[in-house]
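Working notes, beginning with the structure itself.
The values are calculated or read from the model by the stated rules, or taken from the named source; none is laboratory data. Being a predicted model, the structure only gives us computed values, none of them experimental. As a convention, Cβ positions derive from the backbone with ideal geometry for all residues, glycine included, and neighbour counts pool all protein chains shown. When the accessible area is computed, the model is the full protein with side chains, heavy atoms only, and any ligands, DNA or RNA have been set aside. Shrake-Rupley method; radii C 1.70, N 1.55, O 1.52, S 1.80 Å.
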Amino acid sequence: QVQLVESGGGLVQAGDSLKLSCAVSGRTFSGLGWFRRAAGKEREFVAATTWTGDRTHFADSVEGRFNVSRDNAMNTLYLQMTNLKPEDTAVYYCAASKFYNPSFVALQRRYDYWGQGTQVTVSS
């Protein structure tokens, strides 16, 4: 049974850092991604990487502030967030795809499995 379980969310102040984790179990995947949904908005792409971590992709809004990585031994995906802003407040979801195509990493329909989400709140 495939499971993606996020953790690490919380309440922080603007400028702080936070690291999210996503434990992946049940099978291996070619692509892994992070998405977020702010209150009243559509879910949007944040970052993505390959199962081996050799390629990464970021939304313009987080480029230079967020980093995505994975620990192959632990089957865990990470999202390191720095210089957080109030507009980063959202529920963050990890997602896994059986196939990796760099042209489609931001498309939600390309992901086969999703975690339950973890809340990140950034106060000003």
Neighbours by Cβ (under 8 Å, 6+ apart or cross-chain): first from the range 68-79, farther than 13 Å from Arg27 by Cα; second at pLDDT below 90 and assigned to a loop (DSSP other than H, G, I, E, B): Ser69/Gly53; Arg70/Trp51; Arg70/Gly53
Top-ranked residue in the range 82-107 [being touching a strand residue (DSSP E or B) at 6+ places or on another chain (Cβ under 6 Å) and among the aliphatic types (A, V, I, L, M); ranked as surrounded by the fewest Cβ atoms within 10 Å (Cβ to Cβ)]: Ala106
Filter result (touching a helix residue (DSSP H, G or I) at 6+ places or on another chain (Cβ under 8 Å), assigned to a loop (DSSP other than H, G, I, E, B) and hydrophobic (A, V, I, L, M, F, W, C)) within the range 14-49: Ala14, Ala38
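Hey, any hits in the range 50-64 for a residue that's closer than 15 Å to Thr121 by Cβ, open to solvent by 30 Å² or more (accessible area, probe 1.4 Å), touching a residue at least 12 places away in the same chain (Cβ under 8 Å) and part of a strand (DSSP E or B)?
Initially, the range 50-64 is screened for residues closer than 15 Å to Thr121 by Cβ, giving none.
So far as the range 50-64 goes, no, none of its residues is closer than 15 Å to Thr121 by Cβ, open to solvent by 30 Å² or more (accessible area, probe 1.4 Å), touching a residue at least 12 places away in the same chain (Cβ under 8 Å) and part of a strand (DSSP E or B).
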Residues within the range 31-43 that are in contact with a strand residue (DSSP E or B) (Cβ under 6 Å, 6 or more places away or on another chain) and either over 21 Å from Ser69 (Cβ atoms) or open to solvent by 10 Å² or more (accessible area, probe 1.4 Å) (or both), tallied: 4
